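Take a look at the structure set out below.
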Amino acid sequence: MRRQAVAVALAIGMGCVTPTPAPDARPAESAQPSASAAPSATATARASVAEVAPAARPDGAGAPVPQAQDGGPGASAPGAAADAGAEADAAAVFAPDNKILPPLESQELTARASALFDAIVKNEPALAEPFWFPKEPFIPLKDVKGPGKYWDNLHAAYLADVKATHRKRKSWEGARFVGFEVGSRPKWVPPGKEANKIGYYRSLHGKLRYEIDGRPASIDVHTIISWQGRWYITHLGDFKKR
């Protein structure tokens, strides 16, 4: 037995025999990452979503508030509304003596002056009609023989003046309307003066202001007179020189 034990010991020492493990010995468990060291894929995904999506705010705080656009349904224009209301009131009031001084500036006056400018630029006299004194009130206003025929003559001269003014420039390309300025200080012309049965306010040499080629320019408007709170042209050019 002793010889056998010695032989076994020599064999182990020389590496020829592998010792048998003890019955209670168990193979070492492979190293497992701890929960704190390696978070699960679900936890990682949740963390990513939390970083991208902002936290919800109570009662919709921070939500964008729709803003009204200029000229849109939510916009208000008290100045324009007031002007429109004032002009409507002036038009609704009829003065038998016509003694209503029109404003020197108004939206409706600018619109009609702009139409006259377009008529000149395009050489289309019909566009200038809104600024011309209407025939219906002209007939009872003038104390002359055949006021209707006289109006026809003045009207024909007005249309001819539009065309003549257009011909003063070789080209109107790029011309831009700027505004209209009433000329001389309005003067009240009472009945009996200038062959009239009804008085009116009169102003001479108003100006159609415009720009062309980057430079300011103007067109002379010889005579405007009032009718029920509005200005109208009776002579675009100098009628007496015809």
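This table checks each residue for (1) within 20 Å of Leu101 (Cβ to Cβ); (2) touching a helix residue (DSSP H, G or I) at 6+ places or on another chain (Cβ under 7 Å); (3) among the acidic types (Asp, Glu).
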{"position": "Gly146", "(1), (2), (3)": "no, no, no"}
{"position": "Asp152", "(1), (2), (3)": "no, no, yes"}
{"position": "Leu159", "(1), (2), (3)": "no, yes, no"}
{"position": "Arg169", "(1), (2), (3)": "no, no, no"}
{"position": "Pro186", "(1), (2), (3)": "yes, no, no"}
{"position": "Arg209", "(1), (2), (3)": "no, no, no"}
{"position": "Thr223", "(1), (2), (3)": "yes, no, no"}
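I'm checking my understanding of the structure. Among residues of segment 218-241 that are free of Cβ contacts under 8 Å to residues at least 24 places away in the same chain and among the basic types (Lys, Arg), which one is nearest to Phe94 (Cα to Cα)? Only one residue fits best here, namely Lys240.
Considering only residues that are part of a helix (DSSP H, G or I), surrounded by fewer than 16 Cβ atoms within 10 Å (Cβ to Cβ) and not aromatic (Phe, Trp, Tyr), which ones fall in segment 142-154? Residues satisfying the conditions are Gly148, Lys149, Asp152, Asn153. Within segment 200-217, is there a residue that is assigned to a helix (DSSP H, G or I) and modelled with pLDDT of 95 or more? Looking through segment 200-217, none of the residues is assigned to a helix (DSSP H, G or I) and modelled with pLDDT of 95 or more. Residues in segment 96-141 that are closer than 17 Å to Trp227 by Cα, buried (at least 19 other Cβ atoms within 10 Å of the Cβ) and among the β-branched types (Val, Ile, Thr): 0 in all. Can you find a residue that is over 19 Å from Ala111 (Cα atoms), part of a loop (DSSP other than H, G, I, E, B) and under 36 Å from the mean Cα position of the chain (by Cα) anywhere in segment 155-162? Scanning segment 155-162, I find no residue that is over 19 Å from Ala111 (Cα atoms), part of a loop (DSSP other than H, G, I, E, B) and under 36 Å from the mean Cα position of the chain (by Cα), so the answer is no. Among the residues examined, His222 does not qualify as part of a strand (DSSP E or B), surrounded by fewer than 16 Cβ atoms within 10 Å (Cβ to Cβ) and over 28 Å from the mean Cα position of the chain (by Cα).
So, Ala113, is that one among the aliphatic types (A, V, I, L, M), at pLDDT below 95, within 30 Å of Glu181 (Cβ to Cβ) and under 26 Å from the mean Cα position of the chain (by Cα) or not? So Ala113 does not fit the description; no.
The values are calculated or read from the model by the stated rules, or taken from the named source; none is laboratory data. Note that the coordinates shown come from a computational prediction; the quantities given were computed from them, not determined experimentally. Backbone-built Cβ (ideal geometry, glycine too); neighbour counts: all protein chains shown.
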